[in-house]
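Below is one structure, written out as structure tokens, with a few remarks after it.
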Amino acid sequence: MSKTKSFIRKFKDNLFVFFFTPLTQLLFKVLYYTYTFEEINPHHMTKARLHGQFSGAFLLGCWHEQFVGCCMIQKGRPFQILASQSSFGRVMGQVMKSFGYHPVYGSQTRNGKDKGGKQARKHLIAGIEKGYPVGFTIDGSIGPPRICKPGIIVMAEKTSSMILPSAAIYSSYWELQTWDRLKIPKPFARIAVSYGTPYLISTPLNSITLELETKKLADLINEQELIARQYMETGIVTNGFALSRSRTH
């Protein structure tokens, strides 16, 4: 790419971020105050906070399509959020910052080129050592959808942090025509977020165990999705309980 084309692309990206950030922040703040939040088995989050190497720090994992619900319900909790360096990722990072989170920008490696992922990992690990939990979309920033990437597994093993499988279901939502089919809850929607049993990575990682661990986490998140969906449809939690979570200001 020539310098001129690169400059034009960066200029357009920055212009997009400049105009859409305040509009998107306002939209999500208005939407937030219309939502009803419910957490299924929130005691699993308490366990994750207490039993990692660094008190308070853990790794919440969810699918990219559900990150709006999984993030918004955490308002008032000091999460680090990994965001893409794309223009859309920068806008959403600033939206999350307005909710009190700490966005860290970096994308997965593409065509052998690092897109900020290494530096982002350093920032996340520094935050974990200070007791900050991290929110991960486990299928990455570009997909493919619902295929778990190894990043969260490697970081959990490296920092001895617990992984908290999570899933969000909405009573009504818009579905965007993006790679992940991102779902945005409609005004006055109920948002149910289910947390699975947190766990540590206890086996040494190699190519085989890493593949097994990514498959395990994907299965656990899909299981939480089924639990949240059942609760949304029937009001019943088969194993555990649900609590309403008050909106914070």
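The values are calculated or read from the model by the stated rules, or taken from the named source; none is laboratory data. Since we're looking at a predicted model, the values are computed, not measured. In this analysis, Cβ positions are derived from the backbone assuming ideal geometry, glycine residues included, and neighbour counts consider all displayed protein chains.
List of remarks:
- L243, sole failed condition from (1) in contact with a Phe, Trp or Tyr (Cβ under 6 Å, 6 or more places away or on another chain); (2) exposed (fewer than 13 other Cβ atoms within 10 Å of the Cβ): (1)
Each row is one residue, and each column tells you yes or no for (1) touching a Pro at 6+ places or on another chain (Cβ under 6 Å); (2) assigned to a strand (DSSP E or B); (3) basic (K, R).
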residue: I184; (1), (2), (3): no, yes, no
residue: T214; (1), (2), (3): yes, no, no
residue: I221; (1), (2), (3): yes, no, no
residue: E225; (1), (2), (3): no, no, no
residue: R229; (1), (2), (3): no, no, yes
residue: E233; (1), (2), (3): no, no, no
residue: T238; (1), (2), (3): no, no, no
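- Condition met for V30 (touching a Lys or Arg at 6+ places or on another chain (Cβ under 6 Å) and part of a helix (DSSP H, G or I)): no
- If the condition is being within 18 Å of the chain's Cα centre (by Cα), more than 20 Å from K29 (Cβ to Cβ) and free of Cβ contacts under 8 Å to residues at least 24 places away in the same chain, then region 176-200 contributes only T178.
- Selected residue (only one of I221, I191, I201 is aliphatic (A, V, I, L, M), modelled with pLDDT of 95 or more and touching a Phe, Trp or Tyr at 6+ places or on another chain (Cβ under 6 Å)): I191
- All conditions but one from (1) at positive phi; (2) modelled with pLDDT of 95 or more apply to G100; the one that does not is (2).
- Residue match in region 158-166 (condition: within 15 Å of F37 (Cα to Cα) and of a type outside the set (F, W, Y)): yes
- Residue within region 158-166 that is assigned to a helix (DSSP H, G or I) and within 25 Å of S84 (Cβ to Cβ) present: yes
- When S87, S166, S141 are checked against the criterion of being in contact with an Asp or Glu (Cβ under 7 Å, 6 or more places away or on another chain) and buried (at least 16 other Cβ atoms within 10 Å of the Cβ), S87 stands alone in meeting it.
- A48 assigned to a loop (DSSP other than H, G, I, E, B), in contact with a Phe, Trp or Tyr (Cβ under 8 Å, 6 or more places away or on another chain), at pLDDT 90 or above and hydrophobic (A, V, I, L, M, F, W, C): no
- If only residues of region 38-59 that are touching a Pro at 6+ places or on another chain (Cβ under 6 Å) and closer than 29 Å to T21 by Cα are counted, the one that is surrounded by the fewest Cβ atoms within 10 Å (Cβ to Cβ) is A57.
- Test: residue in region 121-141 that is more than 22 Å from A192 (Cα to Cα) and touching a Gly at 6+ places or on another chain (Cβ under 6 Å): yes
- Looking only at residues of region 201-218 that are crowded, with 16+ Cβ neighbours inside 10 Å and touching a residue at least 60 places away in the same chain (Cβ under 8 Å), we find that the one that is farthest from M232 (Cα to Cα) is L210.
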